[in-house]
Amino acid sequence: MNRKILSLVQLQCLRLIVLFTLIFGLILSFDHSSSLAADISANQPQVVQPPITGLVSTLSDEVEELPSDLIRWSTYWQLCWEPYPEAKEYELQTVLVEGKSPKLKRQSDRCFRIQAASNENQKSQGLLNRDVILLMHKIQLGYRVRAVLDNNRVSEWSQVMAVGATTNSELNGI
């Protein structure tokens, strides 16, 4: 009978050890996560004025003739901006109807180019549905840009430019 009591006591002690280990682990994880949060906030870049300016967006078309009187065409949207003093690189952020993407695209160039529309159709139809596709992008997709400087500094974000829109059409109220 003493052996039964001894094994019950050992089992209870083992349970207490496991419980204390779990509690200690939770305490350490909370302490670690708070220091991790402090590290992340300390890593946030300092934002400086002014924002990127001189944004110019343009559209360009490329057309390839295919057999059977077909064409394959693409419309590219390009966003360029004025150089920012002391910029090492630039970051672009996608802005959707749903919100801003947390992922940033980093580049050294002062221009960004993407395919905004494309299709393959009869040559006689021209750039079929180009305006409709570009209008859909204007409503749903845009980009903004900022300069990346030294010493963990970045510029303010530029205004958002809609993909498919051009600065000329924006100025004309289209």
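Throughout, read-outs are computed from the coordinates displayed, never taken from laboratory work. Quick caveat, the model's predicted, so the values are computed rather than measured. Methodologically, a virtual Cβ is constructed for each residue, glycine included, from the backbone with ideal geometry; neighbour enumeration extends over all protein chains shown.
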Can you pull the one-decimal nm distance between simple spin-label points at D150 and E65, each 7 Å off the Cα toward Cβ? 5.5
7 Å from Cα along Cα→Cβ at both E82 and N129: what's the point-to-point distance in nm? 4.1
With the label point 7 Å along the Cα-to-beta-carbon line of I139 and a cut-off under 14 Å to each amide N, the hits in segment 69-111 are 97-98
Would you mind counting up the charge near K123? Only other residues with Cβ under 13 Å from its Cβ, with Lys and Arg at +1 and Asp and Glu at -1. -3
Listed highest first by mean packing, meaning other Cβ atoms within 10 Å per residue, what order do 97-104, 119-126 come in? 119-126, 97-104
Wrap a convex hull around the Cα atoms of segment 48-174, take a quarter of its surface area, and give that in square nanometres. 9.0
A117 long-range amide H proximity, modeled H, under 5 Å: T75
